[in-house]
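Working notes for the structure below.
Nothing in this text is a laboratory measurement; each read-out follows from the coordinates by a stated rule. Since this is a predicted model, take the numbers as computed values, not measurements. Glycine also receives a Cβ, built like all others from the backbone with ideal geometry; neighbour counts cover every protein chain displayed.
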Amino acid sequence: MREMSLSDFPLQSYDKIRYGDTDRQGHVNNAKFATFFETGRVEILYSREHVILDEKSSFVAASVKITFLKEINWPGTVEVGTGIIKIGNSSIHLFQQLHQNGECVAEAESVSVQVLDKTGKSHPLTQKAKTTLERWVLTDL
């Protein structure tokens, strides 16, 4: 686990925890952690304010590694810290943490790749997109 607080991330978002997210023991189901991390990723990948997606393209998740540290409990919210650790030719490598009540409960590293919709093949990020992505790079990692 990396010692980071939510404020260390260049992008913070949140999700509401729903009763239906819980398992038989009353904790949030592990599969929902991936959904919470997705909330943070799409804030970057599909931002309407800072568009990085090339025309006729979309982003696909190439890999997602989640480390579960603590349980998440209902009711409440979960905060998502998201930052970029590497910008590749067509890929974006992200590091994220989930926080509940001020404590880190999980972290994830993921890679998203821009692909052409028609072929599904990787498609290079534009220089403008790379410049835009720089605003979310984690510098102290």
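Suppose we filter the stretch 37-92 for residues that are hydrophobic (A, V, I, L, M, F, W, C), outside any strand (DSSP E or B) and under 20 Å from Asp23 (Cα atoms); how many remain?
Applying the first criterion (hydrophobic (A, V, I, L, M, F, W, C)) to the stretch 37-92 yields 37, 42, 44-45, 51-53, 59-62, 64, 66, 68-69, 72, 74, 78, 80, 84-85, 87, 92.
Then drop every residue that is not outside any strand (DSSP E or B), which leaves 37, 42, 44-45, 51-53, 69, 72, 74.
Imposing the further condition that a residue be under 20 Å from Asp23 (Cα atoms) reduces the set to 37, 69, 72, 74.
Selection size over the stretch 37-92: 4.
Look through the stretch 17-65, keep the residues that are touching a helix residue (DSSP H, G or I) at 6+ places or on another chain (Cβ under 9 Å), among the hydroxyl-bearing types (Ser, Thr, Tyr) and surrounded by fewer than 15 Cβ atoms within 10 Å (Cβ to Cβ), and return whichever of them is nearest to Leu125 (Cα to Cα).
Of everything passing the filter in the stretch 17-65, Ser47 is nearest to Leu125 (Cα to Cα).
Only one of these is in contact (Cβ under 8 Å) with a residue 12 or more places away in the chain, farther than 18 Å from Gln12 by Cα and in contact with a His (Cβ under 7 Å, 6 or more places away or on another chain): Asp117, Asp54. Name it.
Asp54
Hey, among the residues in the stretch 93-122 that are acidic (Asp, Glu) and not in a loop (DSSP other than H, G, I, E, B), which one's farthest from the chain's Cα centre (by Cα)?
The selected residue is Glu103.
Does Leu125 fit the bill of being assigned to a loop (DSSP other than H, G, I, E, B), of a type outside the set (D, E, K, R), over 17 Å from Ile17 (Cα atoms) and in contact with a Gly (Cβ under 9 Å, 6 or more places away or on another chain)?
yes
Output the residues belonging to the stretch 105-120 that are surrounded by fewer than 20 Cβ atoms within 10 Å (Cβ to Cβ) and touching an Asp or Glu at 6+ places or on another chain (Cβ under 9 Å).
Within the stretch 105-120, just Leu116 meets the criteria.
Take the stretch 3-51 and flag every residue that is free of Cβ contacts under 8 Å to residues at least 60 places away in the same chain and among the charged types (D, E, K, R).
Passing the criteria: Glu3, Arg18, Asp21, Asp23, Arg24, Lys32, Glu38, Glu43, Arg48, Glu49.
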